[in-house]
């Protein structure tokens, strides 16, 4: 059993427990349910293109940074021109929670991606109720039919969809309804990183696809390489979160990137 299999099995238990605590009808009573979505698809075309992530820990890296405030970090991300924010809400493996989104939603005006392992309709209502703008669908966790079904549900709820793929086989999960396609540079089964593999996959997508490079971007060089290869967005978390002050690390990254671009 892979780590991904383990996560999914635990996620099924977690969703059932949440459903018993709070019903879908109760989720619909959230003040955020009628809120207008902020488009990540549009936002990636402006500002820096970076979807900056708040992540305390991961199965591959262990504790990354569990001493900083979500609000402090994401406010800095917004200030220095992140196109969007990604927040991990998985508790057991990534140390996150829905509260992390709830606690920042009213303080920032850029899109929030709820990054979790979405396997059940309940989670989409939950995402809307906490103020998320975008949800992540991971191809390796779902069938192509589920991707289409969950995309339709997301759009009904006013949420955008970021579909994540890693292999050529997973391209069959793509459909024209999804808003963005993320190509994970890190294989979720063994956690190895390969930027060139991601570029090859991107070139197999329709040209009009809004593409996002995810994970394993460890330097300005990596960022510039992927940007030159035509990626529209860049989901980056560990690069910033491993610093004592992630917001400052993001500011410095943007400053260097801008100076490189101008020169």
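The values are calculated or read from the model by the stated rules, or taken from the named source; none is laboratory data. Since this is a predicted model, take the numbers as computed values, not measurements. Neighbour counts run over all protein chains shown; Cβ positions are idealised from the backbone, glycine included.
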Hits in segment 172-199 (condition: loosely packed, with under 15 Cβ neighbours inside 10 Å and closer than 28 Å to residue 128 by Cα): 172, 175, 176, 177
Test: residue in segment 242-261 that is out of contact with any helix residue (DSSP H, G or I) (no Cβ under 7 Å at 6 or more places or on another chain), under 22 Å from residue 8 (Cβ atoms) and either touching a residue at least 24 places away in the same chain (Cβ under 8 Å) or surrounded by 17 or more Cβ atoms within 10 Å (Cβ to Cβ) (or both): no
Every pair of residues 6+ apart whose Cβ atoms lie under 7 Å, when the first sits in segment 168-180 and is at positive phi and part of a helix (DSSP H, G or I) while the second is surrounded by 13 or more Cβ atoms within 10 Å (Cβ to Cβ) and modelled with pLDDT under 95: none
Any hit, segment 60-74, residues being assigned to a strand (DSSP E or B) and in contact with a helix residue (DSSP H, G or I) (Cβ under 6 Å, 6 or more places away or on another chain): no
Test: residue in segment 59-82 that is closer than 17 Å to residue 115 by Cα, surrounded by 15 or more Cβ atoms within 10 Å (Cβ to Cβ) and free of Cβ contacts under 8 Å to residues at least 24 places away in the same chain: no
Count of segment 212-239 residues which are surrounded by 16 or more Cβ atoms within 10 Å (Cβ to Cβ) and part of a loop (DSSP other than H, G, I, E, B): 7
Residue in segment 78-90 that is over 26 Å from residue 257 (Cα atoms) and touching a helix residue (DSSP H, G or I) at 6+ places or on another chain (Cβ under 9 Å) present: yes
Matching residues, segment 90-107, being assigned to a loop (DSSP other than H, G, I, E, B) and closer than 14 Å to residue 32 by Cα: 103, 104
Subset of segment 149-171 (residues that are under 28 Å from residue 28 (Cα atoms) and surrounded by fewer than 20 Cβ atoms within 10 Å (Cβ to Cβ)): 149, 152, 153, 155, 156, 157, 158
Some residue of segment 193-211 being modelled with pLDDT under 95 and in a strand (DSSP E or B): yes
Helices (runs of 4 or more DSSP H) fully within segment 1-52 counting 2 or more residues that are exposed (fewer than 11 other Cβ atoms within 10 Å of the Cβ): 3-21
Candidate set: segment 119-141, residues that are under 11 Å from the mean Cα position of the chain (by Cα) and over 14 Å from residue 85 (Cβ atoms); chosen: the one surrounded by the fewest Cβ atoms within 10 Å (Cβ to Cβ): 137
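Could you please find all residues in segment 111-148 being farther than 26 Å from residue 186 by Cα and either part of a helix (DSSP H, G or I) or touching a strand residue (DSSP E or B) at 6+ places or on another chain (Cβ under 6 Å) (or both)?
121, 122, 125, 126, 128, 129 - these are the residues of segment 111-148 that are farther than 26 Å from residue 186 by Cα and either part of a helix (DSSP H, G or I) or touching a strand residue (DSSP E or B) at 6+ places or on another chain (Cβ under 6 Å) (or both).
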